[in-house]
Amino acid sequence: MNDKIKDLLLYCLQSSSKHDMFEWQTQIFIITTKSIIPFENKIGCGIYYKRFIKELNLLKDYCDINGSIIQNKINNQQVIKFDNAIDYKILPIVISNTDWNIIIDEVVKSVVFFTNDANSIILSIILSRILMDYMNEKVENNHLIESVKDSLIQFSIKDIMEKYYKKKLNNKYLINFERERINWLNTLNSNLDLKVNLLGNSKIYEYITLNKSKTIDIPKQNEKIINNFALYLSKLRKGTINPDKLKIDLEHINPLEFYLSKSKFTHPLLGKCIVAEKKLDDYIIIKTKTGLIKVKK
């Protein structure tokens, strides 16, 4: 199972891991994984949003996210905009869970956290179903199509919004959502394959349904970090990680600049850090457990 997860992650993250420092796509995967915690009252895992928000606010200090949906969220701007980070958020959610009901709830919440865009929500359901079936060794094309269609039909955005947000959606939004759902289902019915709409931009889709394989060499250190995350997600999936060991103090986190005068320091979110390089007044490169980051002064 660990090799299966590792190969999947290496393919999906290769383009954003080919340089010494991970790009925003891999960074989103990393902070999502770091924010996942096992439930205490049921089998499964979910994003601990109190930590995820802290990680997002820190991300802007070392990663270029200008103009992205992530930047909108940090600026407290809720937009109806397509979420181009779906792959990188659902990878850790789906891999670490085995129960479809938990997966669908956690995945949709991870999208709605940034946007209410109907296509983003629908795409997240499709990709999550494909990924879950892949993890369960059920990737025959006809099975995937029927599995995806059934998951789309059974899903209720109304129930999700009422259950988790105590929010009643307006009729205009619900009509638009149903229209998009029908469009996807009609395309699946007519084409009898999964090559529809926005799926072509998904690394998860490419790897599982098109049998693509890793083609880009990435730095050995980056590959080692991704392999470590594969092992970690495998343990989460098996339920062998004590959630108490993942809890940290989120109330006393100083701005990153507070730590930068020291050559070595421990940050509540980044862990043990070493200042690897200073470029005059421009930036500082820091070595962390999850890779190199460049922090502007």
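The values are calculated or read from the model by the stated rules, or taken from the named source; none is laboratory data. The structure displayed is predicted, hence computed values, not measured ones. So basically every Cβ, Gly included, is an ideal-geometry build from the backbone, and we count neighbours across all protein chains shown. For the accessible areas, the whole protein counts, side chains as well, though only heavy atoms, and no ligand, DNA or RNA atoms are used. Shrake-Rupley method; radii C 1.70, N 1.55, O 1.52, S 1.80 Å.
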Notebook entry, point to check: Residues in the range 163-171: is at least one under 25 Å from Asn76 (Cβ atoms), aromatic (Phe, Trp, Tyr) and either open to solvent by 30 Å² or more (accessible area, probe 1.4 Å) or touching a Pro at 6+ places or on another chain (Cβ under 7 Å) (or both)?
Noted result: yes
Note to self: Quick check on the range 129-148. Is at least one of its residues surrounded by 15 or more Cβ atoms within 10 Å (Cβ to Cβ), at pLDDT below 95 and of a type in the set (Lys, Arg)?
What the structure shows: no
Next item on the list: Sort out which residues of the range 263-280 are more than 23 Å from the chain's Cα centre (by Cα) and either modelled with pLDDT of 90 or more or not in a loop (DSSP other than H, G, I, E, B) (or both), and write them in order of number.
Entry: Ser263, Lys264, Phe265, Thr266, Lys272, Cys273, Ile274, Val275, Ala276, Glu277, Lys278, Lys279
Notebook entry, point to check: Does the range 222-240 contain at least one residue that is polar (S, T, N, Q), over 29 Å from Lys50 (Cβ atoms) and open to solvent by 50 Å² or more (accessible area, probe 1.4 Å)?
Noted result: no
Notebook entry, point to check: Going through the range 250-280 one residue at a time, which ones are surrounded by 12 or more Cβ atoms within 10 Å (Cβ to Cβ) and among the charged types (D, E, K, R)?
Noted result: Glu257, Lys278
Next item on the list: List every residue pair whose Cβ atoms sit under 9 Å apart, with the two residues 6 or more apart in sequence or on different chains, where the first one lies in the range 223-249 and is within 15 Å of Leu13 (Cα to Cα) and the second, anywhere, is crowded, with 16+ Cβ neighbours inside 10 Å and among the charged types (D, E, K, R).
Entry: Ile226/Lys6; Asn227/Lys6; Phe229/Lys6; Ala230/Lys6
Notebook entry, point to check: Which of the residues that make up the range 17-47 are assigned to a loop (DSSP other than H, G, I, E, B) and in contact (Cβ under 8 Å) with a residue 24 or more places away in the chain?
Noted result: Ser17, Lys18, His19, Asp20, Met21, Phe22, Glu23, Phe39, Glu40, Lys42, Ile43, Gly44
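With Ile90, Ile121 as the choices, which residue is closer than 30 Å to Pro255 by Cα, open to solvent by less than 10 Å² (accessible area, probe 1.4 Å) and part of a helix (DSSP H, G or I)?
Values: Ile121 fails: closer than 30 Å to Pro255 by Cα.
After applying the criteria, what remains is Ile90.
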Check: Taking into account only those residues within the range 60-87 that are β-branched (Val, Ile, Thr) and assigned to a loop (DSSP other than H, G, I, E, B), which is most open to solvent (accessible area, probe 1.4 Å)?
Finding: Ile80
Next item on the list: Would you check which residues across the range 106-118 are hydroxyl-bearing (Ser, Thr, Tyr) and surrounded by 23 or more Cβ atoms within 10 Å (Cβ to Cβ) and list them?
Entry: Ser110
Note to self: Ser35 - would you say it is closer than 24 Å to Asp249 by Cα, open to solvent by less than 60 Å² (accessible area, probe 1.4 Å) and among the small types (Gly, Ala, Ser)?
What the structure shows: yes
Margin query: Here's a check for you: in the range 127-161, which residue that is in contact (Cβ under 8 Å) with a residue 60 or more places away in the chain and not in a loop (DSSP other than H, G, I, E, B) is farthest from Trp100 (Cα to Cα)?
Written below: Asn141
Checklist line | Residue ID - least open to solvent (accessible area, probe 1.4 Å), chosen from residues in the range 281-293 that are part of a loop (DSSP other than H, G, I, E, B) and closer than 20 Å to Asp64 by Cβ | finding: Thr290
Checklist line | Test result for Ile102, modelled with pLDDT under 95 and either on the phi > 0 side of the Ramachandran plot or in a helix (DSSP H, G or I) (or both) | finding: no
